[in-house]
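Taking it in order: structure first as structure tokens, then the write-up.
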Amino acid sequence: MSEPQFTPRVFSGIQPSGGLTLGNYLGAMKRFVTMQNEGTHETIYCMVDLHAITAKRLDPTELRNNTRELCAGFIAAGIDPEKSVLFNQSQVAEHTQLAWIFNCVARMGWMGRMTQWKDKAGKNAENASLGLFAYPALMAADILVYHATHVPVGEDQKQHLELTRDIAAKFNHDYDVDFFPITEPVIGGAATRVMNLQDGTRKMSKSDPSDKTRINLTDSADAIAKKIRKAKTDPDPLPDTVEGLEGRPDARNLVNIYAALADITQQEVLDQHAGALFGHFKVALADVAVDQLAPISTEMARLMDDPAEIDRILGRGAERAREIAAPILDRTYDIVGMLRS
Ligand code: ATP
Ligand code: MG
């Protein structure tokens, strides 16, 4: 079969597993907005609620609230539900239907090598959910059910995107088709890997049990300033070159966050602050962070005052998503040999 022409199409998702963090914003969301506004691709963005229950059971009320708040975060950060398709994963059944096919394409060995599986299952893998193990096959389905050609993500998702490419290639090979695109990762947000404020060797995560480790987009100005003030650092002043940050993960993280928020390079941050002690630098960093994040959190709060409107936006988004996904799933089932009526 000849290579189909794939429409340039972007897909990405965020889990409603907690509140949005600065890492999600700088590593993913900002890029989602630029890709939407460039207008060269169709853009599809998703609240992946089915992924959010893989690591632990969430309180149902909390999950619903997280999903609405995440939708508010997307819109407050600049996603326009008219320009982009903005919806909630569980409202488009085609994701899980394609995921089953991919469960039968992906190999146990591939899944077992995923670092997110190893990190999240930890030492107690026997007791982790089957869903956590199968997560990357559902993620591949999220992407490929739209024939997405580009996926903007933070660096931590690189391995899952490689697996998505492997699944697409194996499906195409096994069924002798050129049906699924080999998706390109787009990793290169403002900061592709924002680290944990209490441990600069681990990434910042919305599901970390400790709130001190992250900045949430809904944090007040005082909370942001306090978390930055208490962030782990070392006693040395800021160096004058980026090489001087070698072996100083906590220091590097704060400089990286400053650069991403102020939209300047790390070297420019050091040109301005070389020789400063972290006590002073943290005050400047808190100012930049509050400047950038306060308008987003204010807009999120405004949108959250009208949950019915959020549900309406997600309902409409799901309809638009299904228009793209349904024929692709149907064709997949046909290729695999499922009877179609
Ligand atoms: P969880 O802890 O539940 O996995 P998370 O904070 O890792 O939550 P995800 O929903 O898994 O968030 O990821 C959403 C997007 O944000 C992905 O594109 C991911 O690569 C990106 N991302 C997550 N954490 C960071 C980070 N610390 N720095 C940069 N990008 C990140
Ligand atoms: Mg994650």
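The values are calculated or read from the model by the stated rules, or taken from the named source; none is laboratory data. As the structure is a computational prediction, the values presented were derived from the model and not from experiment. Backbone-built Cβ (ideal geometry, glycine too); neighbour counts: all protein chains shown. To get the accessible areas, we keep the full protein, side chains included, count just its heavy atoms, and leave off ligands, DNA and RNA. Shrake-Rupley method; radii C 1.70, N 1.55, O 1.52, S 1.80 Å.
Rounded to the nearest 5, what % of the DSSP beta bridges within the chain are antiparallel ones?
20 percent
Relative to the longest principal axis of the chain, what angle (0 to 90°, nearest 10) does the C-alpha long axis of helix 158-174 take?
10 degrees
Specify the inter-centroid distance of segment 35-94 and segment 219-233, based on alpha-carbon positions, in whole Å.
Cα centres, segment 35-94 to segment 219-233: 27 Å.
Assuming R0 = 22 Å, can you tell me the calculated FRET efficiency for the pair Glu309 and Thr40, based on Cβ-Cβ distance, to the nearest 0.05?
FRET efficiency, Glu309 to Thr40: 0.15.
Taking only protein heavy atoms and a 1.4 Å probe, what accessible area per residue, in Å², does the chain have with all protein chains in place?
46 Å²
So for the pair Lys83, Trp100, with labels modelled 7 Å out along Cα→Cβ, what separation do we get in nm?
The modelled label-to-label distance comes out at 3.8 nm.
Would you mind calculating the gained length between Asp211 and Tyr333 on full extension (0.36 nm times residue separation, minus the Cα-Cα distance), in nm to one decimal?
39.5 nm
Take the Cα coordinates of segment 1-139, assign each an equal point scatterer, and use the Debye formula without solvent to give log10 I(q)/I(0) at q = 0.19 Å⁻¹.
-1.24
Trypsin sites (Lys or Arg not before Pro), restricted to segment 1-80: which are DSSP loop and have at most 15 other Cβ atoms within 10 Å?
Lys56, Arg57
Run the simple label-point estimate for Asp178 and Asp240 please: 7 Å along Cα→C-beta, distance reported in nm.
Distance between the two pseudo-spin positions: 5.7 nm.
For Asp119 paired with Ala221, estimate the spin-label separation in nm (one decimal), with each label point 7 Å from Cα along the Cα-to-Cβ line.
Calculated label separation equals 3.3 nm.
Given a 1.4 Å probe and every protein chain left where it sits, what share in percent of the accessible area of the chain is carbon and sulfur?
Ligands and nucleic acids excluded, carbon and sulfur give 50 percent.
Find the Rg to Rh ratio for the chain, where Rh is the Kirkwood radius over alpha-carbon pairs and Rg uses the same atoms.
The Rg/Rh ratio comes out at 0.99.
Could you sort the peptides 17-24, 205-212 by per-residue average Cβ neighbour count (10 Å cutoff), highest mean leading?
17-24, 205-212
Multiplying the sequence separation of Arg302 and Lys56 by 0.36 nm and subtracting their Cα-Cα distance, what value in nm do you get?
Stretched out fully, the Arg302 to Lys56 stretch lengthens by 85.6 nm.
Order His273, His173 by their accessible area, 1.4 angstrom probe, all chains in place, largest first.
His173, His273
Report, to the nearest 10°, how far helix 60-77 tilts away from the longest principal axis of the Cα atoms in the chain, using its own Cα long axis and a range of 0 to 90°.
70 degrees
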